[in-house]
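Visitor: The structure under discussion is supplied below as C-alpha cells; questions concerning it will follow.
The values are calculated or read from the model by the stated rules, or taken from the named source; none is laboratory data. Just so it is clear, the model here is predicted, and its values are computed rather than measured. In this analysis, Cβ positions are derived from the backbone assuming ideal geometry, glycine residues included, and neighbour counts consider all displayed protein chains.
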Amino acid sequence: MDKTWNCFYEKMDHELDGCLIDLNEHGYRVDQKKGFSDGLSKYCFDLIRENRYQVKSCDYFYKRPNRNYFCLEFTHLDLQHTNKVPVDSLIKTLKKDAKKTIVEHIGDNSRLIIKEVCQQLEKLSFDKVIVEELLKKISDTDRLISLMHRNKSELFTECDPDFFIKNLPFIVIIEKPKDEGFYRVIDNVQTQIKVQTGSIGLIHIDSSSFRIIPIQDFITSCEPVA
C-alpha cells in the first residue's frame, strides 16, 4: 500500500548508549528500528521487489526548514575504536618486539609468517573496518535514493519534491570523543572515505561533503557544515 512521505517522519533517536542528549529534532527514518514500523529502506525495496539482501543504509534523511536534505548516520566510533586498539598494538608487537624471539625459535621462515599475520591483522584495524562499514552504508543509501528517484510515483502518494533536487551530503554523528587524539582518527577516516567513494560510482550522494561530527556540534549548529 502506498504511503505519504510523512509516514516516515518521527523524532530522531540517536541510540548512542550512555549519551543523555535529547536531540529534539525530527527526520525521516530510513533504517530498520526494532519494535517500530518499516523504515524507508525496507518499505521501498519490498514494494518495488528489488533485492535488499544485507542492505545497510543511513539512519535518517534529515532537513531543517528551508535547507537541503542530509543523510544522517549515528554511530559509536569511539567505542569501536577502543575495541580495536589491541589489534593495532598486536601488529606493532609482531613487527618489532616479538620478531627476534620468533625468529630464534622458528628460523628464517618466521619472517614470512609474521608478514602474513600482520597483513591479516591489519584488515581488522579500526580505520579499515570503519571505512568499509561506512562505504557500505553510503553505497547502499545511494542505491536506495536511486530506487526512490525511479519509482517515486509508485512509492508515495505524496512526497517532498525538495528531496529529489540536489545530491545529499552524508553526515556521521558521534558522541564527542573523550580522547582528543581520537580526532586524528576521525580525520583519517574522513580522508579515506572521500578518496574511496570516487571509485564506487555514487549518483545521489555528495561524497565531497562527507563529515564526522560530534552530536553536540550538530545540535548547536544551524546545520551540519558541508
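Visitor: Of the residues SER125, SER139, only one is modelled with pLDDT under 85, hydroxyl-bearing (Ser, Thr, Tyr) and surrounded by 14 or more Cβ atoms within 10 Å (Cβ to Cβ); which?
Guide: Of the residues listed, the single one that is modelled with pLDDT under 85, hydroxyl-bearing (Ser, Thr, Tyr) and surrounded by 14 or more Cβ atoms within 10 Å (Cβ to Cβ) is SER125.
Visitor: So for the stretch 183-198 (the condition being closer than 30 Å to SER153 by Cα, in contact with a Phe, Trp or Tyr (Cβ under 8 Å, 6 or more places away or on another chain) and part of a helix (DSSP H, G or I)), does at least one residue qualify?
Guide: Yes.
Visitor: Would you call PHE163 assigned by TED's automatic domain parsing to the domain that holds HIS26, buried (at least 18 other Cβ atoms within 10 Å of the Cβ), closer than 23 Å to GLU50 by Cα and among the hydrophobic types (A, V, I, L, M, F, W, C)?
Guide: Against the criterion (assigned by TED's automatic domain parsing to the domain that holds HIS26, buried (at least 18 other Cβ atoms within 10 Å of the Cβ), closer than 23 Å to GLU50 by Cα and among the hydrophobic types (A, V, I, L, M, F, W, C)), PHE163 qualifies.
Visitor: Is there a residue in the stretch 12-35 that is small (Gly, Ala, Ser), part of a strand (DSSP E or B), within 29 Å of LEU202 (Cβ to Cβ) and at pLDDT 70 or above?
Guide: Checked the stretch 12-35: at least one residue is small (Gly, Ala, Ser), part of a strand (DSSP E or B), within 29 Å of LEU202 (Cβ to Cβ) and at pLDDT 70 or above.
Visitor: Out of the residues in the stretch 187-226 that are touching a helix residue (DSSP H, G or I) at 6+ places or on another chain (Cβ under 7 Å) and among the hydrophobic types (A, V, I, L, M, F, W, C), state the one that is modelled with the lowest pLDDT.
Guide: ILE200
Visitor: Pairs please, first residue from the stretch 184-201 and touching a residue at least 12 places away in the same chain (Cβ under 8 Å) and assigned by TED's automatic domain parsing to the domain that holds ILE173, second anywhere and assigned to a helix (DSSP H, G or I) and among the small types (Gly, Ala, Ser), Cβ atoms under 8 Å, 6+ apart in sequence or on different chains.
Guide: Within 8 Å, the pairs are ILE200/SER139.
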